[in-house]
Amino acid sequence: MAKKPKAEVLDAEQGASGVRAVDRAIAILQCFTPDQPAMSVIEIQKRVGLSRPTLYRLLQTLAQRDLIQAEGDPQRFRLSHGVMKLAHVWLKGLEVVAIARPVVEGLREATGETAALFREQDDRGICILECESRHVLSISRGVGHSLSLIQGSTGKAMLAFMDPKRQAALLASIAKSADRARLEDALTFARRNGYATSHGEIFAGAVAVSAPCFDHRGEVVGSVGLYGPSARIDERKLLEYSKLVREAGRQISVLLGYQDGAPIA
């Protein structure tokens, strides 16, 4: 077998070394967590398993790029503002409808019922994407349709996971104590099970099930739901669909930056 030219071998070795350096630098950035945003060299070293000289060289390079900063005595390191710049670019590039469409379409195909995505805005849920059922008998609300968060499964799925103060203010707007008590029970169910349901709340004879969607901060920003006629969706199917809707909500949340593995419900 013919030997490779020396220059070619050297380029390959340098390329492999460069890839290793990038991989190690990424490992350093990823070792910081919300629970431990600042660490000493020894703490970082335990997590990434690099020699002290190599670690210092990479930390220096990351600091020059404003991705890491050193502070205090004894010295500790934390992520710097350059990481926020990258996050800002990434967040600006997120188009929720485009990102969620395959998930919502998949939900419609798996069930045959209308699937939709809602966004929370000004204490209302607004439909921003709807994949309508192909059945002759179907339920549709339409893109742009909005309702108060105290109505329907899509609203309750958001309201159940909202800031307690906002939630309390919306509950206080309900005049009848019996209606408020029913909604509080529904929100407790949603928090415990990760989804909300409704029967005939928006359309007579309609059944719906929805799950919350969370952003990169872990805050609820919307919900994904299924709805169809009660003639086709019995309690057994509703339970089956609740699992699919929860998974769709989890997938959309992850796509929006939510950390997979964190508790959603």
Residue in the stretch 233-251 that is in a strand (DSSP E or B) and either touching a Lys or Arg at 6+ places or on another chain (Cβ under 9 Å) or touching a residue at least 40 places away in the same chain (Cβ under 8 Å) (or both) present: no
Matching residues in the stretch 199-215 (open to solvent by 50 Å² or more (accessible area, probe 1.4 Å) and closer than 17 Å to S146 by Cβ) number 3
Those residues of the stretch 50-76 that are open to solvent by 50 Å² or more (accessible area, probe 1.4 Å) and hydrophobic (A, V, I, L, M, F, W, C) come to a total of 1
Log entry, pairs with first residue in the stretch 170-181 being touching a residue at least 60 places away in the same chain (Cβ under 8 Å), second being open to solvent by 80 Å² or more (accessible area, probe 1.4 Å), beta carbons closer than 9 Å, six or more apart or on different chains, reads none
Subset of the stretch 33-49, residues open to solvent by 20 Å² or more (accessible area, probe 1.4 Å) and not polar (S, T, N, Q), comes to P34, D35, P37, I42, E43, K46, R47, V48, G49
**Report entry** Hey, V48 modelled with pLDDT under 95 and touching a helix residue (DSSP H, G or I) at 6+ places or on another chain (Cβ under 6 Å) or not
**Finding:** yes
Among the residues of the stretch 216-256, the number that are more than 13 Å from L107 (Cα to Cα), open to solvent by 10 Å² or more (accessible area, probe 1.4 Å) and under 20 Å from the mean Cα position of the chain (by Cα) is 9
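The values are calculated or read from the model by the stated rules, or taken from the named source; none is laboratory data. Quick caveat, the model's predicted, so the values are computed rather than measured. Ideal geometry is used to build each Cβ from the backbone, glycine not excepted, and the neighbour counts take in all protein chains shown. Side chains included, ligands, DNA and RNA excluded: accessible areas come from the protein's heavy atoms. Shrake-Rupley method; radii C 1.70, N 1.55, O 1.52, S 1.80 Å.
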